[in-house]
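First up is the structure itself, then whatever we jot down about it.
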């Protein structure tokens, strides 16, 4: 059977239709790709090239469908006309239905949520396979969150990491030390200098960390690597929150860190230095509770409590009055007080908190002088 003979007019008409189809179906993915953010394009180029090839394959299929359509529908006299118009209509309908569906399905994979889910699944599958986290994909996912805009974009990444970490912690192979790669960088998603998160982002981040702490505690893994790193992340977030003056988030962090005196000291000090005295005083009260409820293991708790009190003491005014009130309530606990202060000075000095050590020395010397003269304050 010979192909139909096309006139110039028919040839030009078919060519124009084909060009329009190609421009349309090639143009959409190119346009969508161009309007996506740079960090999303980086992920697509690195991990999702198969999607681009899928779109190209769809466009090639459209060309073939169009050529078949030309063959079946082009008006020419018998015996060159190979079938009825019904077949041509069926073929065109299939082309117009399948091509857009496949094309749109591929384009949806360019959406931020789907790109993030792609990375999350890739990391999860690797963990299930050999119990490790792939470095590049994990860092790329966290970097994507760090460079995202506050609000929805950051929350997409945070929620994906929340799902991923929950699955890892609930795994039978989890031993309390698998999240180090994530937790070492997790806070950067919201604390980044160029694109910090908003209050909702911080609330979500702190909520995720609280759930991690809860799962660690439930499996008695609090003293392992992840248990240490999760509080370090909480401290870094607390410092940024104090700087941004998200008082609600700071109080939430203080409550979560209520069993970790080092975290309470760092977060309370950050709040104090930004004049968030309510949060700082709340941290002091949590430290007070730790000391009173753990008399047999008060050493580090007392050091952190006295270190934070020293900052209140040396600021004078109402802050000094607050510190004096705390010391009076601990008069029978910190006895002799000078010995406790000396120990706290050495402890803070040993971890390079020189400013705190200096303030403790000043507080100790002033207390000794006031006791010698019979006057406090």
Can you tell me which residue in region 125-135 is surrounded by the most Cβ atoms within 10 Å (Cβ to Cβ), limited to those that are in contact (Cβ under 8 Å) with a residue 40 or more places away in the chain and closer than 21 Å to residue 188 by Cα? 133
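Over 31 Å from the mean Cα position of the chain (by Cα) and at pLDDT 90 or above: is that true of residue 288 in this structure? Break it down stepwise before answering.
On the way: over 31 Å from the mean Cα position of the chain (by Cα): yes; at pLDDT 90 or above: yes.
Yes; evaluated as a whole, the condition is true for this residue.
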Could you list, in sequence order, the residues of region 334-358 that are over 36 Å from the mean Cα position of the chain (by Cα) and touching a residue at least 40 places away in the same chain (Cβ under 8 Å)? 343
Test: residue 301 is touching a helix residue (DSSP H, G or I) at 6+ places or on another chain (Cβ under 9 Å), more than 19 Å from residue 273 (Cα to Cα) and in a helix (DSSP H, G or I): yes
Any residue that is surrounded by 15 or more Cβ atoms within 10 Å (Cβ to Cβ), at pLDDT below 90, touching a helix residue (DSSP H, G or I) at 6+ places or on another chain (Cβ under 9 Å) and part of a helix (DSSP H, G or I) - is there at least one of those in region 329-340? yes
In contact (Cβ under 8 Å) with a residue 24 or more places away in the chain, under 24 Å from residue 250 (Cα atoms) and not in a loop (DSSP other than H, G, I, E, B): does that describe residue 148? no
In region 322-333, which residues are without any contact (Cβ under 8 Å) to a residue 12 or more places away in the chain and under 14 Å from residue 281 (Cβ atoms)? 325
Between 136, 226, 180, which is touching a helix residue (DSSP H, G or I) at 6+ places or on another chain (Cβ under 9 Å) and within 30 Å of residue 276 (Cα to Cα)? 226
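The values are calculated or read from the model by the stated rules, or taken from the named source; none is laboratory data. Just so it is clear, the structure is predicted and the values come from calculations on it, not from any experiment. Don't worry about glycine lacking a Cβ; one is built from the backbone with ideal geometry, like all the others, and counts go over all protein chains shown.
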